[in-house]
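The values are calculated or read from the model by the stated rules, or taken from the named source; none is laboratory data. Here the structure is a predicted model, which means the values were calculated and not measured. Don't worry about glycine lacking a Cβ; one is built from the backbone with ideal geometry, like all the others, and counts go over all protein chains shown. The protein model used for the area step is the full one, side chains on, heavy atoms only, and it has no ligands, DNA or RNA in it. Shrake-Rupley method; radii C 1.70, N 1.55, O 1.52, S 1.80 Å.
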Amino acid sequence: QVQLVESGGGLVQAGGSLRLSCAASGRTFSTLSMGWFRQAPGKEREFVGAIRRSFGSPYIGTTYYAASAKDRFTISRDNTKNTVYLQMNSLKPEDTAVYYCAATYNTGDYYSKNFWDYWGQGTQVTVSS
């Protein structure tokens, strides 16, 4: 079983930055692909970014981003800490949502929320104008 715990959310002003962390349990972190999703009130959970399963400590590998996140957000992983990060810069009020960490041992359609096997409890990000 994989357990995920997000942290780093909070309240920031538009244009500010936040760094989210997701810590995974176990000793097989390098074989996990990791993803970030977000869900705003009244909206479906949507894809933010993902990083493929990879080896190396730390490791920055192949990443995927939603159009809304590209050029502002950066996803990375540190296999020595069993942790994936989401660095968010130039935040906008539209980024306000609960952000969820996800994991899977498989590869495939990272963009679909139904593809992922494990989920964290989420961390709130609120961006004020």
**Request:** Could you list, in sequence order, all residues of the stretch 71-123 that are among the acidic types (D, E) and either part of a strand (DSSP E or B) or out of contact with any strand residue (DSSP E or B) (no Cβ under 9 Å at 6 or more places or on another chain) (or both)?
**Result:** D78, D109
**Message:** Looking only at the stretch 4-43, how many residues end up being in contact with a strand residue (DSSP E or B) (Cβ under 7 Å, 6 or more places away or on another chain), at pLDDT 95 or above and in a loop (DSSP other than H, G, I, E, B)?
**Reply:** 5
**Message:** I'd like the full set of residues that are closer than 16 Å to S68 by Cα, in contact with an Asp or Glu (Cβ under 7 Å, 6 or more places away or on another chain) and open to solvent by 40 Å² or more (accessible area, probe 1.4 Å), limited to the stretch 82-129.
**Reply:** none
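Suppose we filter T96, T28 for residues that are of a type in the set (V, I, T) and under 15 Å from G8 (Cα atoms); which single one remains? Let's see the steps before the verdict.
Numbers: T28 fails: under 15 Å from G8 (Cα atoms).
Step by step, each of T96, T28 is checked, and only T96 is of a type in the set (V, I, T) and under 15 Å from G8 (Cα atoms).
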**Asked** Does K70 meet the test of being within 16 Å of T126 (Cβ to Cβ), more than 11 Å from the chain's Cα centre (by Cα) and of a type in the set (K, R)?
**Response** no
